[in-house]
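Okay, so here's the structure we're looking at.
Nothing in this text is a laboratory measurement; each read-out follows from the coordinates by a stated rule. As the structure is a prediction and not an experimental result, all values here were calculated from the model. With ideal geometry, Cβ positions are generated from the backbone for all residues, glycine too; neighbour counts draw on all protein chains shown.
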Amino acid sequence: MNAVEAVEVTKKYKRSLSFAISNISLNIKSGRIFTLLGRNGAGKTTFVRICATQLLPTSGTITIFNHDLIRDTEKIRNYISIVPQEGRPLRALTPWDHVYYWLRIRGMDKVEAAKRTKKILLDFELYDVRNKLAMYLSGGMKQKILVAMAMATDSKLLFLDEPTIGLDPVSRRQIWKAIKEKKESGTTIMLTTHYMDEAEILSDDIVIIDKGIVVEQGTLSDIRKNIKENIKIEISKSGMDVETLKSYGSVVDTGADTLRLFTFESNIQELSGIAIKRNLFFKVSPITLDDVFVSLVGTEPNNSDSD
């Protein structure tokens, strides 16, 4: 069964001259991590907020676990939980208060709520500050409180809108571990992120949105096929002719002191020989999701006024 089925979903805000999202159709399978990627203003958060029953679409239909988004809103809310991009914990409550009382509000008994609260706070290294008011905690700790609230629930569908924004590398990995555990328990997760390494590590399925429309979707393997070459080479811009490099593959000007060449492994030896003779910087690495993303959405400014 699909967790989410969206058919030609469009959203236009009253004061906007353009559509925030336009004719988006997606199927999200149950028990998978589905990641939305896009630049700021691409429409990711708008789509998440519609699916999470926070916004009404201008047109189109969405069903969540076979329930219509408009007709069955209250039923859907029993199945979902969200970490909103703009969310903030309440200043006068502690981490324990936030998680424990959120679980109690959702109908969990006292014993189980306390057990769940302790576990998630330990997992996120918040237990030692469990009784400290949120107003005295760091920005990273506040963000982890919001994620902990959603993760501790029995929700069948989690919406995580940039859950690791502002977190240090260790904290990000704590969140990743929790996300993977939720997936293993059968939970479906809709994730948005600007961290391409995060998307590569966590995603089962990916959709790339730009200027309100879907430009690509599929598994990570499917998405990577948008660049036919299999190797990326960084080489000094000074002393290297662009036209010569183009004969080996696709060239991108990084805007720094190097050129980026997408090519094949068979060309490495010849190109490295040229670089050595000319005493040029030369680096070989695999093609990443970040490379594919930029190739699809480009580098021109996005003038959309909504995310």
ask   = Restricting attention to segment 248-292, which residues are assigned to a loop (DSSP other than H, G, I, E, B) and either in contact with a strand residue (DSSP E or B) (Cβ under 7 Å, 6 or more places away or on another chain) or loosely packed, with under 10 Cβ neighbours inside 10 Å (or both)?
value = Tyr248, Gly249, Thr254, Gly255, Ala256, Asp257, Phe264, Asn279, Leu280, Phe281, Ile287
ask   = Which members of segment 204-233 meet the condition of being buried (at least 17 other Cβ atoms within 10 Å of the Cβ), in a strand (DSSP E or B) and either more than 21 Å from the chain's Cα centre (by Cα) or not β-branched (Val, Ile, Thr) (or both)?
value = Asp205, Asp210, Glu216, Gln217, Ile231, Lys232, Ile233
request  = Go through segment 85-143 residue by residue and tally those that are of a type outside the set (Lys, Arg) and part of a loop (DSSP other than H, G, I, E, B).
outcome  = 18
request  = With the condition kept exactly as written, say whether any residue in segment 183-193 is surrounded by fewer than 19 Cβ atoms within 10 Å (Cβ to Cβ) and over 27 Å from Ile120 (Cβ atoms).
outcome  = no
query = Which ones in segment 57-83 are touching a Lys or Arg at 6+ places or on another chain (Cβ under 8 Å), assigned to a loop (DSSP other than H, G, I, E, B) and of a type outside the set (S, T, N, Q)?
reply = Pro57, Phe65
message = Among the residues that make up segment 24-33, is at least one of them more than 23 Å from Glu162 (Cα to Cα) and part of a loop (DSSP other than H, G, I, E, B)?
response = no
inquiry  = When the residues of segment 218-237 are narrowed to those that are free of Cβ contacts under 8 Å to residues at least 40 places away in the same chain and not β-branched (Val, Ile, Thr), which ends up farthest from Asp205 (Cα to Cα)?
reply    = Lys237
